[in-house]
Amino acid sequence: MEVLERLEELKCLALQTGDHELVDGLDYVFERFITRYCDSKHAELNARMRRHFHPPKAYMN
């Protein structure tokens with residue numbers, strides 16, 4: 001993903017310049033991005049499963 005590549009480039013630049021606070025901030029942004037991306041994919045999967053799930057029909061004996 002292009003966003004992650006850009007974050008990695010910025011992190012490398014920050015490491016080269018010795019800006020450890022920026023590196024920590026970029027690590028936080030990276031972590032939050034991944035978390036939100038995974039959460040959105042999980043929510044999408046749940047919604048799709050709910051749409052296509054049909055509970056079994058109850059039969060009387």
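The values are calculated or read from the model by the stated rules, or taken from the named source; none is laboratory data. These numbers were taken from a predicted model, which means no experiment stands behind them. Cβ placement follows ideal geometry from the backbone for every residue including glycine, while neighbour counts extend to all protein chains displayed. Keep in mind that these areas ignore ligands, DNA and RNA; they rest on the heavy atoms of the full protein, side chains included. Shrake-Rupley method; radii C 1.70, N 1.55, O 1.52, S 1.80 Å.
Quick notes
- Residue within region 19-32 that is surrounded by 10 or more Cβ atoms within 10 Å (Cβ to Cβ) and more than 24 Å from Glu9 (Cβ to Cβ) present: no
- Filtered residue count, region 38-49, keeping only those that are open to solvent by less than 90 Å² (accessible area, probe 1.4 Å) and under 8 Å from the mean Cα position of the chain (by Cα): 2
- Screening region 14-61 for residues that are at pLDDT 85 or above and of a type in the set (S, T, N, Q) and picking the one that is farthest from Leu4 (Cα to Cα) gives Thr17.
- The C-beta contact set for region 1-29 (first residue aliphatic (A, V, I, L, M), second residue open to solvent by 100 Å² or more (accessible area, probe 1.4 Å), distance under 8 angstrom, 6+ apart or interchain) comprises Ala14/His20.
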